[in-house]
1. What's the angle, to the nearest 10 degrees (0 to 90), between helix 450-460's Cα axis and the longest principal axis of the chain?
2. With the crude spin-label approximation of a point 7 Å out along Cα→Cβ, what separation in nm comes out for Arg147 versus Ser131?
3. Give me D for segment 340-387 in µm² s⁻¹, whole number, from Stokes-Einstein with Rh from the Kirkwood sum over alpha-carbon pairs, 10 °C and 1.306 mPa s.
4. Rounded to whole Å and sorted largest first, list the principal axis extents of the Cα atoms in segment 123-251.
5. So if R0 is 30 Å, what FRET efficiency would Lys369 and Thr423 give, r being the distance between their Cβ atoms, rounded to the nearest 0.05?
6. Tell me which GluC sites (Glu not before Pro) from segment 528-605 have a DSSP coil assignment and no more than 15 other beta carbons within 10 Å of their own.
7. Give Lys327/Lys575; Lys123/Lys222; Lys366/Lys424; Lys23/Lys222; Lys212/Lys493 a once-over and call out the pairs whose C-alpha atoms are over 30 Å from each other.
8. With θ set to phi - 60° and the Karplus curve 6.51 cos²θ - 1.76 cosθ + 1.60, what are the ³J(HN,Hα) couplings of segment 424-430 in order, to the nearest whole Hz, using x for Gly and Pro?
Amino acid sequence: MRAQEIRNAFSNYFIKNGHVKHKSSALVPLSDPTIMFTVAGMAQFKDFFTGKANPTNRRAVTIQKCLRAGGKHNDLENVGFTARHHTFFEMLGNFSFGDYFKKDAIKFAWTLLTEELKIPKDKLLVTVHDSDDEALEIWHRDMGVPRERIFKLGDKSNFWEMGDVGPCGPCTEIFYDHGPERSSGVPEGCQEIDDEGRYVEIWNLVFMQFEKYKEGSEIKRKPLPKPSVDTGAGLERVAAVLQGKYYNYDSDIFEPIMKAIGKLVGKDYYTDKSEEVKSSFRVVADHIRSTTMLITDGVIPANDGRGYVLRRIIRRAVRHIDNLGMKDISFYKLVPSVFESLGEEYPDNAANAALAEKLLKLEEEKFRKTLDTGLTLITEEMSKLKAGEKFSGASAFKLYDTYGFPLDLTEVIVREKKIELDTKGFDEAMAQQKANSKKASKFAVQEDNLKVFYSAKEKFGETKFTGYEELESMAKLIEKIEIDGQFYLIFDKTPFYGEGGGQEGDAGEVFSAEGKLATIRDTQKPVDGLFVHLSDDADALNVGESYRIKVNGDERSLTMRNHSATHLLQSALIKVLGPHIKQAGSSVGHERLRFDFTHSEALKPEEIAEVEALVNQAIGKNLKVSADEMTKDEATKKGAMALFGEKYGDKVRVLTMGDFSCELCGGTHVKNTGDIGLFKIIVETSLASGIRRIEAITSTTAINYLLNRSSLFADLEKTFSVKEEKVLEKVATLQGDIKAKNKEIESLSDKLQAIESANIFTDPRPIKDGLELVMAKASSTDAQAMRKLSDMFVDKFPKGVLFLFGLDGDKISFLMKTSKSNKTVDCGAVLKSIMPMVDGRGGGKPDIAQGSGTITDAKIKELLSAIEGALK
């Protein structure tokens with residue numbers, strides 16, 4: 001049975017049994033800051049399990065894309081060297097939110113495996129928690145599993161917890177027996193199931209029947225009123241079992257990728273006898289899946305966070321492609337093979353394949369420039385080590401910081417030579433760098449205070465937002481929190497927009513019947529759905545009382561225009577540059593807008609002009625701006641683009657601007673594109689490799705900007721006594737005149753230097769091997785002029801050595817030069833020896849070196865003697 005058939009069989013089986021299929025959530029869990037990537041199928045249902053939200057259907061089934069390569073869940077080191085470790089994988093899961101429990105969950109799993117997928121019962125074994133006799137009896141009595149094929153294990157293996165507090169419970173796992181020929185043996189005293197070589201876990205059923213809670217300093221446990229079920233079966237493992245393969249990588253899931261790699265490197269994964277070659281194939285195959293899916297889910301390579309994990313995976317893959325003999329830029333060419341097996345299930349990712357190819361190509365080009373240098377440095381450092389010595393942590397940090405080598409890559413390379421890496425030294429070097437560059441966070445609601453706001457949301461629920469319809473409202477203050485002199489105000493409803501989706505939070509004022517009481521300088525949503533108003537002067541406000549809260553209308557109006565213009569800008573960029581354009585970040589305020597997007601090169605002036613023209617044409621057409629709520633699937637069918645960084649629920653808000661733009665957005669916008677007035681790009685620059693940034697202005701800000709430029713242009717017309725296009729002609733003429741004058745000056749300078757050289761290249765002093773030393777004072781300290789003089793000297797005196805110096809007060813600049821053929825002289829070494837005399841700095845090569853320092857007139861003669869002595 002092929003992978004897609006397994007996906008269909010799993011989904012259809014549970015749909016037939018009353019489950020609703022949910023689309024896979026993204027690899028980036030936007031609604032859960034506690035995890036870096038989506039690591040399990042239950043991630044999107046976390047609020048259902050904790051009771052914070054109620055599902056429309058209490059049975060669900062998913063095929064969830066997952067990634068384990070950072071933080072607590074990190075399988076990166078093992079990938080390629082074991083049969084079953086992956087960074088990216090698919091989790092087949094069925095869920096019950098207070099509906100069925102142990103008996104039905106076990107029956108569903110056993111029936112699907114043994115009857116629908118027809119896995120022989122005698123090839124399956126089961127584990128249960130050592131306290132869960134109920135599950136053991138269901139397996140034995142109801143499913144007919146022999147007692148000797150059921151194993152009791154403790155908390156480490158068979159008890160699941162969401163965190164220190166919260167839902168938890170025992171789990172039962174189903175294992176497949178690959179047979180005694182795959183046995184790796186188990187330590188004495190261990191159970192048979194501990195043999196990981198022979199037995200592979202294919203399904204885990206978690207029974208969430210308890211809740212852990214804190215009482216004083218104690219952690220206690222109590223039964224949940226509505227126990228739930230969370231299950232997960234790895235598709236790659238199930239496919240390997242059903243296709244009679246031991247290695248997941250030998251299943252049809254990886255077949256198109258293995259063939260594509262083989263075509264690139266001229267080797268065959270399936271017939272090559274080298275385990276080293278096979279391991280590199282597996283690493284590359286796994287990593288092209290994870291990097292492609294991460295990029296097409298919105299992660300951009302970076303030097304921190306998720307972006308750095310992505311960059312690490314890319315660089316690890318490039319090193320293994322290099323090991324396979326491919327030295328050309330090629331990793332990106334494997335992207336199409338990924339969607340041969342994943343495209344049908346994840347069409348949204350497949351639609352962004354061109355973006356993955358662009359960014360992977362850029363990343364490989366960047367890393368290839370330093371790969372050979374880094375590998376050479378590692379080899380040199382290892383050759384210096386004595387037996388038993390560790391590879392220096394400082395050197396590992398240099399590789400990371402200068403050459404882009406992730407620590408784990410360096411660690412793998414040195415481990416191959418049986419050398420241990422000093423990770424403590426690396427950590428110390430990293431900590432020092434962080435200490436040197438540490439800056440205070442500008443985020444007004446600090447991470448440490450989040451628990452206060454989670455508590456407020458649990459107590460009061462979500463804030464009702466009325467800001468789409470009004471700019472002021474009567475609202476009750478339900479919570480006032482003071483932290484370090486800063487007030488955080490929570491009202492039962494608010495017209496103030498909380499920062500999100502790239503749009504800044506609203507500012508405004510709070511009034512009572514007597515007048516103004518406080519200023520709100522910002523509004524944020526530290527917890528999804530909870531609007532928190534920041535104030536420095538809210539002492540007079542009392543919880544429980546109602547106030548008139550009013551948004552700063554002028555600033556909101558400008559922000560709305562900038563936000564709507566951002567949507568028009570993205571559509572215009574796609575029309576001009578192509579469908580690979582994706583948002584990589586944005587910031588919309590009342591002063592200007594900033595839009596970061598995926599593109600590999602600077603925009604040409606004509607491209608910027610075309611983008612501006614398209615946006616202004618859309619503004620001039622007075623397109624109606626409409627916002628409609630619909631399901632995510634309906635929005636996708638309508639062609640709405642999703643913006644990175646914004647969380648979308650079951651219902652989404654689709655913002656349409658005529659036939660020009662259609663995006664998901666929860667921000668505030670104009671009613672008509674004509675309200676924007678005018679759009680002007682003021683900056684287009686590089687943000688990172690493959691990421692460009694545009695800053696732009698609209699409305700009165702853009703008008704004032706252009707009026708100011710017009711005024712400056714009028715001044716130029718007046719200064720040059722010409723009109724309009726003649727100004728450019730005048731500037732071009734002046735530039736030509738300046739260029740001609742500079743050539744005349746350069747020519748005269750050369751003649752003066754020739755005269756100077758004739759006067760100063762005198763009094764040669766014999767030193768050794770027929771060489772003569774000339775020490776001369778130049779008329780200036782200009783480095784370029786001094787180099788020209790030294791070139792003239794070498795041309796005239798091939799057997800000479802020149803020490804040339806210039807003075808400016810107590811500052812001295814100097815240069816030493818000789819012909820490259822004079823092998824007995826090392827100018828760099830000579831200057832290095834005299835640097836302490838002038839408290840100087842500099843250096844160079846054997847044939848030329850230069851430097852600078854400080855010196856008194858009385859010390860010059862002593863310096864020249866030292867130079868002559870060093871040469872002799």
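1. Long axis of 450-460 versus the principal axis of the chain: about 40 degrees.
2. 2.3
3. On the way: Rh = 13.9 Å.
Roughly 114 µm²/s, to the nearest whole number.
4. On the principal axes, segment 123-251 reaches 53, 31, 29 Å in Cα extent.
5. Working: r = 26 Å, r/R0 = 0.88.
For R0 = 30 Å, the calculated efficiency reads 0.70.
6. Working: sites: Glu545, Glu555, Glu591, Glu601; in loops: Glu545, Glu591, Glu601.
Those that pass, being in a loop and sparsely packed, are Glu545, Glu591, Glu601.
7. Lys327/Lys575; Lys123/Lys222; Lys23/Lys222; Lys212/Lys493
8. Going residue by residue, I get 5, x, 4, 4, 5, 5, 5 Hz, with x marking Gly and Pro.
The values are calculated or read from the model by the stated rules, or taken from the named source; none is laboratory data. Owing to the predicted nature of the structure, the values given are computational and were not obtained by experimental measurement. Here the Cβ is made from the backbone with ideal geometry for all residues, glycine too, and neighbour counts use every protein chain on show. Areas reflect the complete protein model, heavy atoms only, side chains present, ligands, DNA and RNA absent. Shrake-Rupley method; radii C 1.70, N 1.55, O 1.52, S 1.80 Å.
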